[in-house]
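Enquirer: One structure coming up, written as structure tokens, with questions to follow.
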């Protein structure tokens, strides 16, 4: 919402210099409402001065040109030749003298126009970037006490503050210049000139018949009929005030309704009375029927639902109440008689109505935030006065005023202990300061001897519901900058460890230390991606209002996203390891909310070489580092998206732990991945289950250990892991495969393994015979289980 | 005797020849052990001395000792020579130490992970415990309990994704964690949480439909706005490792806090002088905060007459973007390794 500081000066003093104005805007943004944008109105008119046209002569050689003599406060008038048509003698105009550069870059020089020298230029508002749609020379007739020769900026300069509506979304009273002015006055500690409650004498006894059918929607409806209306251009003052806020001037009547809306905050609407049934017509305020149609002022045909409310005659809708008027009942150049409406509506129902047809207007915005019903009649009277002052029509009815809610003038009182202010803000603020702030904000304040503050709440402040709401007003106007820094004082309570978070962080550190890069992919995917990864039969939870076709489903697997990421990165690197830890979402029968489980997915990609062992190695490192208690084993094969013979389920002790496998070529093709790729997927909870919280260490023997390398040959019927597992001896400290050999002289299905056995003895040095018998026993036990194993 | 002397001379010459023809330390050590060991010729001659008498025994003995001494000296000298020549050889070898012959082995955690870790670490100094909680929420936890009734504008369809209309939704902010925590725990409460949030917004350089938030909450007997300002100032100074940062509380509106603030910090890139990043204001908007609304406390059965406190939240991406002058939030979720691999700190 836009606010003009010079408009504010109607209510309270605004500083003179532009620097002080910017300083005010800065304080405003911190203590009243954030500002999206500040516009320095008139900044392009820096060198322009005020001139007065003293004489206009025709040009002998050109019909379209006029010779003007301009008083710019210098000894002699200057002569300017112009093609403008809207000039008159005595008119005050902006003058660009020789040497002045206009906003469009043009520098004024002395010119000869068909033989007559011209020493400057008269400017239009467009040329001065004050407005977009005025071609004629700017008429400064509206400026009081204007002096020739003065800089134009003296009269025009303004700051337009575009306020962030979100910050004041609970402050309907601030959607007006009078409301904002009160806050500025409190901030500056300047006097606030309260809006005058005008009285009006009405002689007509004619009534307007208003029937409010939706009493929960319309809180108050006032209106008046004005006859013999003269539709014309608005007075300059009003036109200019609206233009500064970026509002286009339409005609005097429409401009008055807009002016009052921005000034007081009460939206008004003017109907062409003759287009809505003339005198004696009945106005209905009612809910729309589904499918009802109306063409609105923006010339769009709107199809309505029961969420919309209407102003209607007995046979047709004439406005979407509080949102936009109807096109067919609009005020135009032929209008003779009008009905002016000033009403208040239910904020929630207005929001619903305007949302339903996706139409937000300056009026609906104010109604959504709440318009105080006490303003309704005051605004109407203001409109009548402005029409009268402009000689634009005559009162032709009494003011109709229908109120459907009780006690609109009732003010609530809130009482709380003065100590609360200090307790919430954290510093002591003097009582008289608190009182002054609250009173400036229009609260009536009593502070009792036992330190109880009683505050009477004005009707426009329905946001004040409890003490903290008032403490907020005290705090922000007092200024949070005045709060000094201190050290917090509170009991020390030992932090609770979040095992899930801690484990996730440790896993990330380990994998990254092993060369993995953590990625973060979107939690939403689409079915197409699931299909590409051949995961189309897993559970799907849909977003009912997605904003893109690519992100429609909560993912139940991280694999499709990681495949996509591999695909996009392969052009920049020949090999890499990626991983992600994120939630997957699964339907859970009988539960209100889906199940969320953190999963770890690790993938290795290599353009040329095998990747399986890079991933497997990382899993082993994670196990050792965290550490996990127990043994990892690999069993069975997996289905899609894995490649059957190069994949396995991972078991931890006897339990399922996760999957690992190379990705099936068909899926690699679907994702355009050229190269080897291995993926492992492990639910993080499976890892947490085996965390060893107090890992133990053993002493080492002081006697020499014995290393024996066992060379064996196995065929494909036996896995190396199972051989290792079958080796046991009480003195065995470790058993590791140190070499794997394939090729001649071994048969194709054979593999040679070197297993290094390390024996350790705490009692004394081993005797050679002891070791021999141990080795023999080990060989025997292997052969007993796996007769095909050969020893070399 | 003549024989023995000759044999000694011969053995000595043999030894000295062997030593001088030796060209590396390993063979020198072998030779040395041969000539010093029990198998050496000199040792054998020595064993025969016992058969001799008097002067003869003395003479031969001294001859042997002399020879041994000579050999030892030559050995020592030779060893010295060979060592030096080996040092010199190794020293003369050229190694281009600027090359990287092996693949770099270090990966990295995601920048957002790193920033969250930093935030969590800093707030843990103030006794804030990390909590993890749900991403998919009910309307009550995400909105109603936070004082956003059914008609609140923030709940409008353009902001929130729904899984079940007006009921089940991916959280739009981490503030739902406040509610989940306060329902379970009794004050004093000090928590910090971070995670994914979702908004139904179109993607552009400044908006992503998914992003991260961190959220802090402290509830105790006497926590005031002064504490909010002080704790957050100290914490941000630590996060940015810059003691010159000051905070500015700007009045704002959130339904779940009262009073509410947007918090600006001194721009750490220009120290408040004004630069491109802070739009020449000298201040950067970093987080939202406020005193927890009494209605929110009542909603979770905490007595607002006894307890009060503050909550704050912000985006880790924004902190990284400011620190690194990045202006496109999409970079964080496009997962281009050329971007992600830059920040190594694990």
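The values are calculated or read from the model by the stated rules, or taken from the named source; none is laboratory data. These numbers come from a predicted model, not from an experiment. Positions of Cβ are generated from backbone atoms using ideal geometry, with glycine treated the same way; all protein chains shown enter the neighbour counts.
Enquirer: For the range B:171-197, give me each residue that is in a loop (DSSP other than H, G, I, E, B), over 23 Å from residue B:330 (Cα atoms), more than 9 Å from every other protein chain (Cβ to nearest Cβ) and in contact with a strand residue (DSSP E or B) (Cβ under 6 Å, 6 or more places away or on another chain).
Expert: B:187, the sole residue that qualifies.
Enquirer: Being under 24 Å from residue A:646 (Cβ atoms) and away from chain B (no Cβ under 11 Å) is the requirement here; does residue A:607 meet it?
Expert: Details: under 24 Å from residue A:646 (Cβ atoms): yes; away from chain B (no Cβ under 11 Å): yes.
Against the criterion (under 24 Å from residue A:646 (Cβ atoms) and away from chain B (no Cβ under 11 Å)), residue A:607 qualifies.
Enquirer: Looking at this structure, is residue B:157 assigned to a loop (DSSP other than H, G, I, E, B) and either modelled with pLDDT under 95 or more than 10 Å from chain A (Cβ to nearest Cβ) (or both)?
Expert: It is true that residue B:157 is assigned to a loop (DSSP other than H, G, I, E, B) and either modelled with pLDDT under 95 or more than 10 Å from chain A (Cβ to nearest Cβ) (or both).
Enquirer: Within the range B:21-36, track down each residue that is in contact (Cβ under 8 Å) with a residue 40 or more places away in the chain and exposed (fewer than 12 other Cβ atoms within 10 Å of the Cβ).
Expert: Residues satisfying the conditions are B:23, B:24.
Enquirer: Within the range A:561-590, track down each residue that is away from chain B (no Cβ under 11 Å) and modelled with pLDDT under 95.
Expert: Within the range A:561-590, A:589, A:590 qualify.
Enquirer: Please go through the range B:198-244 and give me each residue that is more than 25 Å from the chain's Cα centre (by Cα), more than 11 Å from every other protein chain (Cβ to nearest Cβ) and under 25 Å from residue B:155 (Cβ atoms), ordered by number.
Expert: B:204, B:206, B:217 - these are the residues of the range B:198-244 that are more than 25 Å from the chain's Cα centre (by Cα), more than 11 Å from every other protein chain (Cβ to nearest Cβ) and under 25 Å from residue B:155 (Cβ atoms).
Enquirer: Which of (1) touching a residue at least 24 places away in the same chain (Cβ under 8 Å); (2) in a strand (DSSP E or B) does residue A:724 not meet, given it meets every other one?
Expert: Only one criterion is unmet by residue A:724, namely (2).
Enquirer: For residues that are more than 7 Å from chain B (Cβ to nearest Cβ), in a helix (DSSP H, G or I) and without any contact (Cβ under 8 Å) to a residue 12 or more places away in the chain, tally how many sit in the range A:482-538.
Expert: So the answer is 3.
Enquirer: Continuing with the same structure: Sort out which residues of the range B:245-261 are within 13 Å of residue B:225 (Cα to Cα) and within 8 Å of chain A (Cβ to nearest Cβ), and write them in order of number.
Expert: B:248, B:249, B:250, B:251, B:258, B:259, B:260, B:261
Enquirer: Working carefully through the options A:148, A:81, find the one that is touching a strand residue (DSSP E or B) at 6+ places or on another chain (Cβ under 6 Å), assigned to a loop (DSSP other than H, G, I, E, B) and outside the structural domain of residue A:22 (by TED's automatic domain parsing). First the steps, then the outcome.
Expert: Numbers: A:81 fails: assigned to a loop (DSSP other than H, G, I, E, B).
Exactly one of A:148, A:81 is touching a strand residue (DSSP E or B) at 6+ places or on another chain (Cβ under 6 Å), assigned to a loop (DSSP other than H, G, I, E, B) and outside the structural domain of residue A:22 (by TED's automatic domain parsing), namely A:148.
For (1) within 11 Å of chain B (Cβ to nearest Cβ); (2) at pLDDT 95 or above, each residue gets a yes or a no:
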position: A:425; (1), (2): yes, yes
position: A:433; (1), (2): no, yes
position: A:438; (1), (2): no, yes
position: A:447; (1), (2): no, no
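Enquirer: Scan the range B:169-198 for residues that are surrounded by fewer than 20 Cβ atoms within 10 Å (Cβ to Cβ) and either more than 22 Å from residue A:582 (Cα to Cα) or modelled with pLDDT under 95 (or both) and jot them down.
Expert: Result: B:183, B:184, B:185, B:186, B:187, B:188.
Enquirer: Give A:143, A:160 a once-over and let me know the one that is in a loop (DSSP other than H, G, I, E, B) and surrounded by 15 or more Cβ atoms within 10 Å (Cβ to Cβ).
Expert: When all the criteria are applied, what remains is A:143.
Enquirer: Taking the conditions exactly as written (more than 30 Å from residue A:477 (Cβ to Cβ), in contact (Cβ under 8 Å) with a residue 60 or more places away in the chain and assigned by TED's automatic domain parsing to the domain that holds residue B:270), does residue B:206 satisfy them or not?
Expert: So residue B:206 fits the description; yes.
Enquirer: Can you list the helices (runs of 4 or more DSSP H) found entirely within the range B:300-346 that contain at least 3 residues being touching a helix residue (DSSP H, G or I) at 6+ places or on another chain (Cβ under 9 Å) and within 30 Å of residue B:182 (Cβ to Cβ)?
Expert: Output list reads B:316-324.
Enquirer: Report whether or not residue A:278 is at positive phi and surrounded by fewer than 20 Cβ atoms within 10 Å (Cβ to Cβ).
Expert: yes
Enquirer: Which residue out of A:192, A:155 is in contact (Cβ under 8 Å) with a residue 24 or more places away in the chain and assigned to a helix (DSSP H, G or I)? Please lay out each step first, then the result.
Expert: Numbers: A:192 fails: assigned to a helix (DSSP H, G or I).
So the residue among A:192, A:155 that is in contact (Cβ under 8 Å) with a residue 24 or more places away in the chain and assigned to a helix (DSSP H, G or I) is A:155.
Enquirer: Need at least 3 residues that are farther than 27 Å from residue A:246 by Cβ and touching a residue at least 24 places away in the same chain (Cβ under 8 Å) per element, so show me which strands (runs of 3 or more DSSP E) inside the range A:308-367 make the cut, counting only ones lying wholly within it.
Expert: A:309-312
Enquirer: Please find, within the range A:556-571, the residue that is surrounded by the most Cβ atoms within 10 Å (Cβ to Cβ) out of those that are without any contact (Cβ under 8 Å) to a residue 40 or more places away in the chain and in a loop (DSSP other than H, G, I, E, B). Don't jump to the end; show me each part of the working.
Expert: Initially, the range A:556-571 is screened for residues without any contact (Cβ under 8 Å) to a residue 40 or more places away in the chain, giving A:556, A:560, A:568-569, A:571.
Keeping just the survivors that are in a loop (DSSP other than H, G, I, E, B) gives A:556, A:571.
Working: A:556: 23, A:571: 8.
If we take residues in the range A:556-571 being without any contact (Cβ under 8 Å) to a residue 40 or more places away in the chain and in a loop (DSSP other than H, G, I, E, B), then A:556 is surrounded by the most Cβ atoms within 10 Å (Cβ to Cβ).
Enquirer: Is it fair to say residue B:52 is closer than 30 Å to residue B:211 by Cα, in a loop (DSSP other than H, G, I, E, B) and either touching a residue at least 12 places away in the same chain (Cβ under 8 Å) or more than 14 Å from chain A (Cβ to nearest Cβ) (or both)?
Expert: No, not satisfied.
Enquirer: Here is a follow-up. With respect to residue A:160, is the statement that it is within 14 Å of another protein chain (Cβ to nearest Cβ), under 34 Å from the mean Cα position of the chain (by Cα) and either on the phi > 0 side of the Ramachandran plot or at pLDDT 90 or above (or both) true?
Expert: When the stated conditions are applied, residue A:160 does not pass them.
Enquirer: OK, next. Please tell me if residue A:764 is at pLDDT 85 or above, more than 60 Å from the chain's Cα centre (by Cα) and part of a strand (DSSP E or B).
Expert: Taking the combined requirement at face value, the residue does not satisfy it.
Enquirer: Go through (1) farther than 26 Å from residue A:224 by Cα; (2) surrounded by 18 or more Cβ atoms within 10 Å (Cβ to Cβ); (3) out of contact with any helix residue (DSSP H, G or I) (no Cβ under 9 Å at 6 or more places or on another chain) one by one and return the number of the condition residue A:317 breaks.
Expert: Checking residue A:317 against (1) farther than 26 Å from residue A:224 by Cα; (2) surrounded by 18 or more Cβ atoms within 10 Å (Cβ to Cβ); (3) out of contact with any helix residue (DSSP H, G or I) (no Cβ under 9 Å at 6 or more places or on another chain), the one that fails is (1).
Enquirer: Got a sec? Which of B:94, B:162 is more than 9 Å from chain A (Cβ to nearest Cβ) and at negative phi?
Expert: Going through B:94, B:162 in turn, the sole match is B:94.
Enquirer: If you don't mind, there's one more thing I want to ask. Let me confirm something: among A:243, A:233, which residue is surrounded by fewer than 22 Cβ atoms within 10 Å (Cβ to Cβ) and not in a loop (DSSP other than H, G, I, E, B)?
Expert: A:243
This table checks each residue for (1) part of a strand (DSSP E or B); (2) free of Cβ contacts under 8 Å to residues at least 24 places away in the same chain; (3) surrounded by 17 or more Cβ atoms within 10 Å (Cβ to Cβ); (4) not assigned by TED's automatic domain parsing to the domain that holds residue A:145.
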| position | (1), (2), (3), (4) |
| --- | --- |
| A:85 | no, no, no, no |
| A:90 | no, no, no, no |
| A:94 | yes, no, yes, no |
| A:105 | no, yes, no, no |
| A:117 | yes, no, no, no |
| A:121 | yes, no, yes, no |
| A:126 | no, yes, no, no |
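Enquirer: Moving on to the next point. Just one of (1) away from chain B (no Cβ under 14 Å); (2) assigned to a helix (DSSP H, G or I); (3) buried (at least 20 other Cβ atoms within 10 Å of the Cβ) trips up residue A:460, so point out which.
Expert: Status for residue A:460: all satisfied but (2).
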